[in-house]
Every structure is written in structure tokens, then in C-alpha cells.
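To start, the structure under review is shown below, and the notes come after it.
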Amino acid sequence: FREDLQGMCDSLVYRVKDSVVAMKVRPLLWTEDNQLSSDSILLHVSKNRIDSMVLYSTAFIVSMDSRGTFDQIKGKEMRGYFRDNKLYRINVLGNAETIYFIREENGAMIGINKLVSSNMAIVIDENKVKSIIYYTRPEGTMYPEKELSPEELILKGFEWKADQRPKKRDDIFIKQE
């Protein structure tokens, strides 16, 4: 638990030799409005700060916007890079998929972008997605809001677990009755 990063998993190992925190069995991380999940997560630490992270197998990033819709990014593997304790870039490696709700400044819906690509890079600034770069044969469509069914607005494997997010440091300890 930190003010800017919260996490949970069933098994956590810190490897002193290479300064890696290994989160195993249903790991979840939250940063600002983002939820990150995968089969396992490795956090690489340098000078007591997170330097980078790797999300292995079924990597997923979800963020809920102010209108209650979910922007989603999915791939086989994701590598995230931190600068000054802030996530600034994520590379999605293999089977990259996105569902992204495009809105006007006032929140009005422009459309829903669904795209697949072999790989992608996500550039983050001030904890917001600044740009997404798709590599190797990207294919996608921007749909009008009413054209997609609720099932088509969710990538396979989507889970929103905001109710499990620790709100304060004491939430991470299991209380025995």
C-alpha cells in the first residue's frame, strides 16, 4: 500500500538478489483510476522506487471514466516503465486489444474505438493516456455509441474489482475474529 499505488495478491515474494517483488496468484494493482491485472506481476525496484514492471499472461488494464464506461487494454504481456514514481510508458507485447471511449472536452461521446494489433505502446502523462501507438497490422473501427451491444463493450477476461482496492494501509491486513 502506498498513496499512489495499491496492490493485492495471494502470494508475494521479494527477491533481494535482483530487487524484484513477485506478485503471484490473482495479482491486482491500482494507480489513480487504473486497475492492472495478470497471471503474475513482477515489480523491479531500484533505489527504493519502482523502476519497471512486467505483467505476464492475460495482462489487462482497465480504467473507468467519469461516465461509468470502461477503457480497456489487453495483451499477452505488458511492460511498464516508471519515472519519479510515475508510470510513463507501457508496451503491450502480443495480441494487443483496446476498447476506448472517445469523448469531447464536455464529456459528450464521439465514438467507441475497438482495435487489435500485434503490439502497442501507451504513452502516459499526468496519469492519463496521452497517446497509443499500434504496431504491426493494426485493425480497428470507431463505432457510434448505440451500435455496440453491452457484451461488445467488454474484452474477454474483463473484471472490475474496485471494491477490493485497499483504501488505507490497515485494509491490507486480514483481521482474525
Fluctuation leader among GLN164, GLN72, GLN35 - the chain, Gaussian network, Cα springs under 10 angstrom: GLN164
Apportionment of accessible area to carbon and sulfur, the stretch 17-120, percent (1.4 Å): 46
Two-site FRET efficiency, LYS17 against ASP39, from Cβ-Cβ distance with R₀ of 25 Å, rounded to 0.05: 0.65
31 Å Cα-Cα threshold exceeded, pairs from LYS76/LYS161; LYS17/LYS130; LYS114/LYS168; LYS146/LYS168; LYS86/LYS146: LYS17/LYS130; LYS114/LYS168; LYS146/LYS168; LYS86/LYS146
Near-label residues of the stretch 10-35 by backbone N, under 18 Å of a point 7 Å along Cα→Cβ of ARG169: none
Derived scalar couplings ³J(HN,Hα) [the stretch 106-123; Karplus, 6.51 cos²θ - 1.76 cosθ + 1.60; whole Hz; x for Gly, Pro]: 7, x, 5, 6, 8, x, 10, 9, 10, 9, 10, 7, 5, 9, 8, 10, 10, 9
Volume in Å³ per residue [convex hull over Cα atoms, computed for the chain]: 137
Gyration tensor verdict on the stretch 75-177 (Cα atoms; rounded if a/c is under 1.5, prolate if a/b is larger than b/c, oblate otherwise): prolate
Heavy-atom surface of the stretch 105-169, accessible at 1.4 Å and reported per residue (Å²): 71
Relative contact order [Cα under 8 Å, 6+ residues apart], the chain, whole percent: 15
Summed residue charge, Cβ within 12 Å of ARG169's Cβ, Lys/Arg positive, Asp/Glu negative: 0
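The values are calculated or read from the model by the stated rules, or taken from the named source; none is laboratory data. Please read these numbers as outputs of a predicted model, since none were measured by experiment. For neighbour counting, all protein chains shown are included, and Cβ atoms are generated from backbone atoms with ideal geometry for every residue, glycine included. With ligands, DNA and RNA removed, areas are computed over all heavy atoms of the protein, side chains included. Shrake-Rupley method; radii C 1.70, N 1.55, O 1.52, S 1.80 Å.
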